[in-house]
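Q: Below: one structure in structure tokens.
The values are calculated or read from the model by the stated rules, or taken from the named source; none is laboratory data. Note that the structure is predicted; figures quoted are calculated from it, not measured. All Cβ positions, even for glycine, are placed from backbone atoms using ideal geometry, and neighbour counts span all protein chains on display. Please note that ligands, DNA and RNA were not included when accessible areas were found on the heavy atoms of the full protein model with its side chains. Shrake-Rupley method; radii C 1.70, N 1.55, O 1.52, S 1.80 Å.
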Amino acid sequence: MKNIYLFANGFGETVRTLIIAYLILTFVFTVYSIARMYYIEHKSNNVKTGRARVKYLQYTGRFIQMPVYSMEEMAKDKRKRDVRLMYFPADNPKSKKFAMILPGGGYAHLCTKQEGYPVAAALNKMGINAFVLEYSAGRDCEPFSPMTDLGIALKLISDNLDKFNVVMDDYALIGFSAGGNLAGIFASHKFGYLDYQLPKPGAIILGYPWTCVNDWLHHPYWNIWIGLLGIWLSNRGSFYMFGLRHIRKGREMLDVQKYIEADYPPTFMYSGSWDVLVPASRHADVFDAALTEHGVKHVYEKYFGVPHGIGLGLHIKAEGWLDRAVEFWEEN
């Protein structure tokens, strides 16, 4: 074997060289993938239009931002103070239906400016009323507190239908990344709408959802750096919600596939094949298979080369997904 040039310095040295080369090349690829993700995010999620819509509604006196919990509840528990509901009424609503938008952020923070306001603005342009919920995240998170926040927020809407000029019939949940995890669980029989005597969502719409919250060893990655990102993200959300002591149990309890039954709401979902944070093959693909197994009506769109966090997906292959999702919602 020493006669082969590759092994001229011995087998051990060759293996060491190959491992170092693998680590360097995969690290460079990972850094490139993340940089590419942020670049595409910047041009595709239309933050500017979302902010402009907020300012316009504020100027016309129609933008409503309110706490979800009462003053007494917030006084007793300061972690509830940042849970806010924002209402984006359409200028010319074609019906009284509404969509509830749930930004992502891995249950560590919220990407409201990227995945909340712009989506609400786009829905308003289509004649659809929208709400954006800023739910518990980071140190304010407790076991299933985001699901509680969503339930209380929907009850608040239900108790003020005249104020918002909406109806509860056939409402949609639109969730991105961890917001997709939240929407996916809330639409099931546990930790969701049934606990608050609410009607079942007419549809759930998920963008690159974080659904299969398992560790790297359950779903091996060929790239160790992306695998480490997967471990960090999966455990981060579980850590904030359940604490270090129950982190493994928390991952299992946040696995959306386990909550799907035959009467699960119609689901529209999209993801990208170049998602290094929430790989479609470990999340959206697995969720798609579970929906198919239970006979749930759904549409799954997967775009080649598209990364994570793209929101509206403007100027890339995913552009137009929201129009198709709304069409799916209205048909079902």
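Q: Please pick out the residue among V132, V119, V54 that is touching a residue at least 24 places away in the same chain (Cβ under 8 Å), out of contact with any strand residue (DSSP E or B) (no Cβ under 7 Å at 6 or more places or on another chain) and of a type in the set (V, I, T).
A: V54
Q: Determine if region 71-94 includes at least one residue that is open to solvent by 30 Å² or more (accessible area, probe 1.4 Å) and among the hydroxyl-bearing types (S, T, Y).
A: no
Q: From the list G127, G116, G104, G138, exactly one residue is over 23 Å from N181 (Cβ atoms), open to solvent by less than 10 Å² (accessible area, probe 1.4 Å) and not charged (D, E, K, R). Which is it?
A: G127
Q: Within region 187-209, can you find the residues that are assigned to a helix (DSSP H, G or I) and open to solvent by less than 10 Å² (accessible area, probe 1.4 Å)?
A: Answer for region 187-209, where residues must be assigned to a helix (DSSP H, G or I) and open to solvent by less than 10 Å² (accessible area, probe 1.4 Å): there is none.
Q: Please work out which residue is farthest from L182 (Cα to Cα), limiting yourself to region 142-158 and to residues that are open to solvent by 10 Å² or more (accessible area, probe 1.4 Å) and among the hydrophobic types (A, V, I, L, M, F, W, C).
A: Checked region 142-158; the qualifying residue farthest from L182 (Cα to Cα) is L156.
Q: I've got another one for you. For a quick check of your reading of the model, give me the residue pairs whose first member lies in region 66-80 and is within 18 Å of L133 (Cα to Cα), whose second is in a loop (DSSP other than H, G, I, E, B) and open to solvent by 60 Å² or more (accessible area, probe 1.4 Å), with beta-carbon atoms closer than 6 Å and at least 6 apart or on different chains.
A: From residues that are within 18 Å of L133 (Cα to Cα), the pairs are M74/R81.
Q: Give the residues of region 296-319 that are of a type in the set (D, E) and more than 19 Å from A122 (Cα to Cα), sorted by residue number.
A: Once the filter is applied, which keeps residues that are of a type in the set (D, E) and more than 19 Å from A122 (Cα to Cα), region 296-319 yields only E301.
Q: Pick from region 267-325 the residues that are part of a strand (DSSP E or B) and touching a Lys or Arg at 6+ places or on another chain (Cβ under 8 Å): which of them is most open to solvent (accessible area, probe 1.4 Å)?
A: Selected residue: V299.
Q: Could you identify the single residue in L228, L161 that is surrounded by fewer than 16 Cβ atoms within 10 Å (Cβ to Cβ), aliphatic (A, V, I, L, M) and at pLDDT 95 or above?
A: L161
Q: Here's something else I'd like to know. Out of A172, A178, which single residue is open to solvent by less than 10 Å² (accessible area, probe 1.4 Å) and within 30 Å of L244 (Cα to Cα)?
A: Only one candidate qualifies: A178.
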